[in-house]
Amino acid sequence: MSRAPRKLAFVIPWYGNTTGGAEVFCRGLAHALAALGHDVTVLTTCCRDPFHDWGTNHLPAGESEDNGVRVIRFPVRRGDMTRYVHYSVRLDRGEELSDEEEEDLIANSINSEALCEFISAHRNEYAFFFLPYLYGTTYYGIRAAGRNHAYLIPCLHNEPFAYLKIMQEMFERSRGLLFLSPPERDLASALYPIIDKPSLILGGGVNSDVIGDASAFRERFGIEEPFALFVGRKVPGKGADLLVRYFSRYLELYPKEECRLVLIGKGDLEIPKGLRERIVDLQVDSPTDVYNAMAACQVFIQPSFFESFSLVLMEAWLNSRPVLVNGQCEVTLYHVHAANGGLYFTDFGEFVETFRYLWEFPLVASALGKSGKRYVEENYLWPNVARRFHRYVERLLR
């Protein structure tokens, strides 16, 4: 394979943890490109992850090595999180922000002046790839890199942040764009002036070593009954609260049906008192527990409204599980159609019918799961994604 002629740098607020889709994606892509022989550096902050104080340096600044990838961490600049949350709440309510308020929002996001200074000083040495789109490290980092050196992997969702005027400027400043799915590209094309920018449907990446052991899961956690599984953060937008409501109502309609719902992920969610035997909020110790749960479940449910790829969907398919997704999320709906790997719902009535169908026709459900597995193996294993990235970079930077 021919070699792209410049060093690659990925710029991301947090790196090394496994709690966010963009962080997991960045690490997987960096490792896959390093394995192809690329010179890869990750530029990130000393903040641990999205769930810790963005203004605190939890990790030491400086350089380290991660599986062939050079990692450089920079101190964060403390912002006013109260102001950031205030603006975010207003956006969620549908309010518009003034230009000055948008600037103040980004200024009080996660930021690092030292990181931007490094980018500016080394702009001719690297092609910089920024992700995700909505944080200060991306906005100010793209400015520091300059138009000829900044590429954006937005991980874009159809959410209030995407409609800020300040994002129009950021997308326009990027030299090229790499998307995780066609619906993400279509949303960006509708929102931003990017028609003349070279873009690529890169796709997310999945490791092939996520196949779980169903019997190990049942033995460890003592769950013998058939169950549906949710994996993800229990926060607004990810749909866990919607799923709990729908499943609770489902059990009212079919109280004697032998099925449970298992939830795995960070965040607090109120489970109805009378249903805590049927809806299990499970605490796990490792990703292996998650993969084992995927292998053991009868149906994997992804109720999220906002996704740019959905790694857990692909991991469930690699475990040959049929999936049920929220039809109001264009990305997961796209994948279900493309893979022929499951069904979707847009309201409670559709949830009942599709869930019962997958539950009552196991041969059909099994065929859907196997179709999903073929889809992931043909398109989204890391070597496939890394080769697509390599060809894009080689063409642009030749």
Q: Using the heavy atoms of the protein chains and a 1.4 angstrom probe, tell me the accessible area per residue for segment 317-398 in square angstrom.
A: 44
Q: For K7, list the lysines whose Cα falls under 24 Å from its own Cα; do not include residues on the same chain fewer than 8 positions away.
A: K197
Q.
What's the ranking of 334-341, 253-260 by average number of surrounding C-beta atoms within 10 Å, highest first?
A. 334-341, 253-260
Q. In the Gaussian network model of the chain, springs joining C-alpha atoms below 10 Å, which of S366, S88, S174 carries the largest mean-square fluctuation?
A. S88
Q.
I need the peptides 215-222, 319-326 ranked by packing, meaning the mean over residues of other C-beta atoms within 10 angstrom, with the highest value on top.
A. 319-326, 215-222
Q. Roughly what % of DSSP beta bridges within the chain run antiparallel, to the nearest 5?
A. 15
Q. Is segment 139-200 best put as rounded, prolate or oblate by its Cα gyration tensor, with a ≥ b ≥ c the root eigenvalues, rounded for a/c under 1.5, and otherwise prolate when a/b is larger than b/c, oblate when not?
A. oblate
Q) Which whole-number percentage describes the relative contact order of the chain, with Cα contacts under 8 Å and a sequence gap of 6 or more? A) 13
Q) About its Cα centre, what dipole magnitude does segment 275-387 give when the only charges are +1 on Lys and Arg Cβ and -1 on Asp and Glu Cβ, stated in debye to the nearest 20? A) 320
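Classify segment 81-207: rounded, prolate or oblate, from the alpha-carbon gyration tensor (a ≥ b ≥ c, eigenvalue square roots; a/c under 1.5 rounded; otherwise prolate if a/b is larger than b/c)?
Here segment 81-207 falls in the oblate category.
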**Q.** Among R83, R73, R175, residue whose mean-square fluctuation peaks in a GNM of the chain (springs only between Cα atoms under 10 Å)
**A.** R83
Q: Please build a GNM for the chain, connecting alpha carbons under 10 Å apart, and tell me which residue among R173, R90, R387 fluctuates the most.
A: R90
Q) Per the helix-only calculation at 222 nm, which mean residue ellipticity applies to the chain, given -39500 (n - 2.57) for every DSSP H run of n ≥ 4 and division by its residues, nearest 500 deg cm²/dmol? A) -13000 deg cm²/dmol
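The values are calculated or read from the model by the stated rules, or taken from the named source; none is laboratory data. Predicted model, so just to flag it, every value in this text is computed and none were measured. So basically every Cβ, Gly included, is an ideal-geometry build from the backbone, and we count neighbours across all protein chains shown. To get the accessible areas, we keep the full protein, side chains included, count just its heavy atoms, and leave off ligands, DNA and RNA. Shrake-Rupley method; radii C 1.70, N 1.55, O 1.52, S 1.80 Å.
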